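Taking it in order: structure first as structure tokens, then the write-up.
The values are calculated or read from the model by the stated rules, or taken from the named source; none is laboratory data. Values in this document were obtained by computation on a predicted structure and should not be read as measured data. Reconstructed Cβ throughout: ideal geometry from the backbone, glycine too, with neighbour counts over all protein chains shown.
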Amino acid sequence: MAILLLRWAEGTPARLRRETAIAWGFLGPAGLHLTVFTIGPALYAIYLATAANLPALARDPVTWNALRNTALYALYVPVSVALALVAALAVFRYRQHWGGRLLSTAFVLPYVASAVVIALVWQAIYRWGSFGLGRTDWLSNPGSALPALMLVSVWAHMGGQMVVFLAGLQAIPPAYLDAARVDGAGAWRGFWRVTLPLLRPVTWFVVLTGVLGALQMFTLVFVLTQGGPSPSHATGVMVHRIYQTAFGQQAFALASALAVVFAVMLLILRWPQLAILRRQVRNA
């Protein structure tokens, strides 16, 4: 009887209205913040990105150059993923040894460091004159500026990717590798036949998130090269192009058009990537 009375009290309209009011009281500030600082600016950007600005984007060679640089910049991701997998295998192999813990710390430290700090450190490294070795303008040369940024990105992001691979390696049941060894498979064949296929969903996840992150790169470009060297714009990527158009040229309507077009491009790229990732997880 007491349980029935309790259920009746919980289901009364007054109680439901009170709980709803409390819920809206908690959701209200967050919803207001989201509307004012995210949804509102996004809708205003779409409003500014009128069709009149789209032909101007199509005729702008700097925008096409930024798209090309963004695509080239994303090519560092396969290199970073391969090195992260090798590092994860080494750390996993020697995880009980002090050397494995030292390696994991050395690889993860750049990933948790601030991107601005990383950029400043590599700026000093690229200025060989600071070490008395003679000056080499890696960041001022149009031919070497973008590869120099890609090298920094590999160093900075490899640690985070290694952590994901380590989680995948720890999730593989040891019985699978033991069975492969009983069947006569060595370490190399066991890796190709057992470990790598089981890591396929993890690998796809690392690749897809790495590509999306590379396409939205801004901090390293802003700190190290400012999209230069000018006038070639050898490291000008799309996000930096949007920033420069909005706050450098004060062309907010054109920058909004750039942002909307780039967001649509990212969404178009994201859907097939998510479909591939779901299929890999389902088939794992």
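A few notes on this one:
- Yes/no for residue 218 being aromatic (Phe, Trp, Tyr), crowded, with 18+ Cβ neighbours inside 10 Å and modelled with pLDDT of 85 or more: no
- Test: residue in segment 17-38 that is exposed (fewer than 12 other Cβ atoms within 10 Å of the Cβ) and acidic (Asp, Glu): yes
- The C-beta contact set for segment 54-75 (first residue within 14 Å of residue 259 (Cβ to Cβ), second residue assigned to a loop (DSSP other than H, G, I, E, B), distance under 6 angstrom, 6+ apart or interchain) comprises 66/236; 66/237; 70/237.
- Considering segment 121-210, the qualifying helices (runs of 4 or more DSSP H), each wholly inside and each with 1 or more residues that are more than 23 Å from residue 104 (Cβ to Cβ), basic (Lys, Arg) and free of Cβ contacts under 8 Å to residues at least 60 places away in the same chain, run over 174-182, 187-190.
- Test result for residue 118, of a type in the set (Val, Ile, Thr) and surrounded by fewer than 19 Cβ atoms within 10 Å (Cβ to Cβ): no
- Qualifying residues in segment 95-115 (those that are among the aromatic types (Phe, Trp, Tyr) and at pLDDT 85 or above) - the one surrounded by the most Cβ atoms within 10 Å (Cβ to Cβ): 107
- Filter result for residue 274 (part of a helix (DSSP H, G or I) and modelled with pLDDT of 90 or more): no
- Hey, residue 50 of a type in the set (S, T, N, Q), closer than 22 Å to residue 245 by Cα, loosely packed, with under 13 Cβ neighbours inside 10 Å and in contact (Cβ under 8 Å) with a residue 60 or more places away in the chain or not: yes
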